[in-house]
Every structure is written in C-alpha cells, then in structure tokens.
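For reference, the structure is listed below as structure tokens.
The values are calculated or read from the model by the stated rules, or taken from the named source; none is laboratory data. Keep in mind the model is a prediction, meaning the values are calculated, not measured. Positions of Cβ are backbone-derived with ideal geometry, glycine not excepted, and every protein chain shown enters the neighbour counts.
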Amino acid sequence: MEVARGRVGAAAGEVVHDLRGFTAVPGLIDLHVHMTYYWDQKPGTKPWDQLGQRPSPTLLVLARDNLQRTLESGVTTVRDLYAADRTGVYLRDLIAAGHIVGPRMFVAGCGLVMQPDGKFCGATGHGAQAVAQAAKEQIDQGADLIKVFGSTGSADDLSGTPTFTFDELKAVVDQAHALGRRVTVHSYGPVAARDAVLAGAESIEHAVDLDDDTLAEMARRGTFYVPTIDHNRYYADHRLEFGYTEANARDLMAFVARNLETTRRAVLAGVRIGMGSDAVFTGFGENTLELEWLIKAGMTPVQALATATTNAAAVLGQERSLGQIAPGYFADVVAVVGDPTVDIAAVTRRVRWVMKGGAVVVDRTGRH
Ligand SMILES: [Zn+2]
C-alpha cells in the first residue's frame with residue numbers, strides 16, 4: 001500500500017489529482033449485489049413488495065441511486081447475481097458505454113431458480129438437460145456467468161434445503177464451462193454447497209455449517225467462498241422497513257453468528273474468500289462492511305482487503321486487469337483516510353475519492 005503523492009507541475013494535457021495525505025487502494029470489487037432491487041421508501045410500502053413491480057426501462061433509471069451509493073463506498077466493480085428480464089445485462093452495457101455512471105458490472109442475468117411448480121428461470125422442467133438448456137439461454141442472452149439458486153434461503157426464510165440435484169448442478173457447470181463461463185451457487189445450508197463444490201462451481205455464496213471435508217476440498221480446488229455475512233445484519237438492523245418482527249431479527253443475527261463461525265473455519269482451512277455484500281434496496285453504500293466481519297473471522301486487514309481486490313478479481317477471471325494499481329490494469333483507485341493495512345475502517349468508513357477507469361466518480365476530499 002502506498003500513499004498517493006501529487007506531483008508538482010503537470011505536462012500539457014495531464015491532469016494532476018493531488019491526493020497527498022490520503023492512502024490509495026485499488027478500486028474495490030463487490031462480488032454479490034442486486035443493482036436493480038429498488039425501493040422508493042414511500043410510507044406504507046415494503047421493499048420486497050416492490051420487487052418485480054417495475055419494467056426494465058424504469059429500473060435502468062432508478063438503479064442509478066444504487067450505483068452511485070456503491071461507487072461512494074469505493075466499489076468500482078460488481079458482480080450482479082440476479083436481475084429479472086435482462087435488466088442487469090442492459091445496465092452493464094449502458095455503464096460500459098458511458099451512458100450511465102456506475103461500477104463496472106459482471107452479470108449473471110436471471111439466476112436459475114427451481115420453482116415449486118417445476119419452472120425455473122429461462123426454462124421449464126427438472127432434469128440435467130433442462131437446466132443445462134436454461135444456463136445456455138442465460139449466456140445467449142448476455143450473462144457473463146451463471147448463478148444457481150441451489151437451495152432455499154433468503155431474508156424471509158433461513159432454511160437451506162437443496163433445490164437442485166447434484167446431477168443438475170453438474171449439468172449447469174459443464175454447460176457453462178463449455179461456453180467459457182463460470183458458475184456460482186447460492187446455498188444457505190451445507191448440502192447444496194458441498195454438491196456445488198464437487199460439481200465444479202467456481203464459487204459458493206452464503207453457506208453456513210460447511211463440513212470439514214467440503215472446506216478441505218474447496219481449499220484443494222481453489223473454490224471461492226463468498227460468505228455475505230453482513231447482509232443478514234442489514235436485514236436485522238432494518239427490520240422495521242422490511243416488516244420483520246424482533247424474533248425474525250434474532251433469527252437473522254443467529255444466522256450471522258453461524259456464518260461468521262463458518263468463515264472463521266474456512267479461513268483456518270485455507271479456503272479463498274471473496275467479499276460480497278448481497279446489497280439490495282437501501283443497503284447500497286454499506287457494500288464494504290463485510291470486511292469488518294472478515295476481520296472478526298480472523299483475517300488480517302491486508303487479507304481482508306485482498307478479498308475485495310486480488311481475490312475478487314480472480315473470482316471474475318480478471319486478475320490481469322482488476323484488483324491492483326499497476327501498469328496494464330484499469331485505473332480504479334480509491335483514496336481513503338488512514339492506513340487500511342492496520343485499520344480496515346479506513347476502507348469501510350473513510351472513503352474520500354474514487355476513480356473508475358481513469359474518471360473521478362466521487363470527490364469528497366474537502367471533507368477530511
Ligand atoms: Zn443475493
């Protein structure tokens with residue numbers, strides 16, 4: 001980590017950003033967001049009730065608030081793990097073309113969901129062939145990677161019952177790999193996570209209570225664990241907005257404790273960890289608070305920072321272009337107050353300036 005120093009004087013055509021007094025870190029990467037989950041906060045409404053109620057064109061405009069707050073947290077790249085109706089694909093492309101200011105997006109399109117009626121995103125019916133076809137459809141429609149909802153589990157339902165068979169997960173992974181794409185699997189419990197690892201998925205999201213054999217297998221294969229510990233803290237803290245009871249909030253925090261313990265064991269087992277916030281609705285801007293949990297899980301600040309930089313770039317297959325400040329890499333730079341190698345709060349609480357791809361997108365350097 002180096003202190004960025006403004007150079008005295010500039011050649012013609014050069015712009016000098018004087019960041020003396022700040023510390024520079026690479027633009028951060030959030031591996032788990034839902035950029036199109038928008039809530040207008042109108043009295044008497046609840047966030048989840050507005051999901052799926054707006055058409056894509058509306059969401060492309062409304063998502064700008066989420067995008068801006070994410071940039072302000074120092075996140076310049078995100079992996080979007082579910083957006084309906086190709087909205088994530090459109091958003092990614094509009095940002096890449098410069099029409100909308102926001103973090104660089106890698107999108108899963110519509111995650112594969114096994115519905116009770118046997119229908120899931122992009123196709124209908126169970127079986128290896130059907131789910132492989134669904135994965136292919138997502139890729140054909142512009143997905144950078146495939147997300148599988150491999151178990152039940154959400155803020156409203158903390159169960160982790162597998163919803164795909166091992167053979168189905170394997171078929172999705174094989175199809176995605178044949179088309180040059182990666183797979184990540186949502187699992188709240190240990191069973192679908194284990195199956196996902198054995199099926200060859202590159203990463204798993206959320207999962208608690210992973211058994212020792214699975215952790216060892218992940219370390220051996222290099223499978224990434226994206227624990228998303230903080231998002232249940234967010235739901236508990238915002239329980240009134242979501243309409244959750246105090247008992248719901250206690251259950252959410254009990255899940256947080258299990259998630260933290262599983263992460264602590266994963267760190268000890270040598271599993272590679274990636275930072276994902278699972279940010280939705282009003283959670284944008286809190287994207288990097290996950291790093292504080294990773295410190296609690298036993299990481300050093302430098303290790304925690306790697307989960308949102310070099311490790312996260314590796315999850316995306318972008319380790320030669322993202323996650324470092326170096327020649328040949330995107331000019332994604334975040335200026336923070338303090339030294340994040342000894343105090344992660346410099347990154348989680350004190351971002352003052354953000355450059356994405358050479359353009360300044362956040363400047364609060366006047367506010368020390
Ligand atoms: Zn999610």
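Quick check, is V315 hydrophobic (A, V, I, L, M, F, W, C) and within 16 Å of the ligand (Cβ to nearest atom)? Give the derivation first.
Numbers: hydrophobic (A, V, I, L, M, F, W, C): yes; within 16 Å of the ligand (Cβ to nearest atom): yes.
Judged against the criteria, V315 is a match.
For residues that are hydrophobic (A, V, I, L, M, F, W, C) and either out of contact with any helix residue (DSSP H, G or I) (no Cβ under 8 Å at 6 or more places or on another chain) or within 16 Å of the ligand (Cβ to nearest atom) (or both), tally how many sit in the stretch 294-306.
Selection size over the stretch 294-306: 2.
From the list L67, L62, L81, pick out the single residue that is in contact with a strand residue (DSSP E or B) (Cβ under 6 Å, 6 or more places away or on another chain), modelled with pLDDT of 95 or more and among the hydrophobic types (A, V, I, L, M, F, W, C).
Numbers: L67 fails: in contact with a strand residue (DSSP E or B) (Cβ under 6 Å, 6 or more places away or on another chain); L62 fails: in contact with a strand residue (DSSP E or B) (Cβ under 6 Å, 6 or more places away or on another chain).
On inspection, the qualifying residue turns out to be L81.
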Query raised in the report: Do we have any residue at all in the stretch 147-156 that's modelled with pLDDT of 95 or more and within 15 Å of the ligand (Cβ to nearest atom)?
Result: yes
Query - Which numbered condition P57 misses (of (1) over 16 Å from the mean Cα position of the chain (by Cα); (2) over 19 Å from A97 (Cβ atoms); (3) of a type outside the set (V, I, T)) - result: (2)
Query - Residue that is part of a strand (DSSP E or B) and under 22 Å from the mean Cα position of the chain (by Cα), where the choices are V302, V360, V334 - result: V334
Report task. Identify, by number, the condition in (1) of a type in the set (D, E, K, R); (2) modelled with pLDDT of 95 or more; (3) out of contact with any His (no Cβ under 7 Å at 6 or more places or on another chain); (4) closer than 21 Å to R182 by Cα that R86 doesn't meet. Result -> (2)
Report task. Starting from the stretch 21-42, take each residue that is free of Cβ contacts under 8 Å to residues at least 12 places away in the same chain and list its partners that are within 16 Å of the ligand (Cβ to nearest atom) and basic (K, R), counting only C-beta distances under 8 angstrom and pairs at least six apart or across chains. Result -> none
Query raised in the report: Do you know which of the residues in the stretch 270-285 that are more than 13 Å from the ligand (Cβ to nearest atom) and touching a strand residue (DSSP E or B) at 6+ places or on another chain (Cβ under 7 Å) is farthest from E217 (Cα to Cα)?
Result: M275
Report summary line: Taking the stretch 171-190 and keeping only residues that are touching a residue at least 40 places away in the same chain (Cβ under 8 Å), surrounded by fewer than 20 Cβ atoms within 10 Å (Cβ to Cβ) and farther than 14 Å from A108 by Cβ, one is left with D174
Query raised in the report: Can you name every residue in the stretch 342-368 that is of a type in the set (A, V, I, L, M, F, W, C) and either in contact with a Phe, Trp or Tyr (Cβ under 8 Å, 6 or more places away or on another chain) or under 16 Å from L28 (Cβ atoms) (or both)?
Result: I344, A345, A346, V347, V351, W353, V354, M355, V360, V361, V362
Query - Among (1) crowded, with 24+ Cβ neighbours inside 10 Å; (2) at negative phi; (3) within 16 Å of the ligand (Cβ to nearest atom), the one test that L252 misses - result: (1)
Requested in this report: Tell me, yes or no, whether the stretch 13-35 has at least one residue that is more than 16 Å from the ligand (Cβ to nearest atom) and in a helix (DSSP H, G or I).
Outcome: no
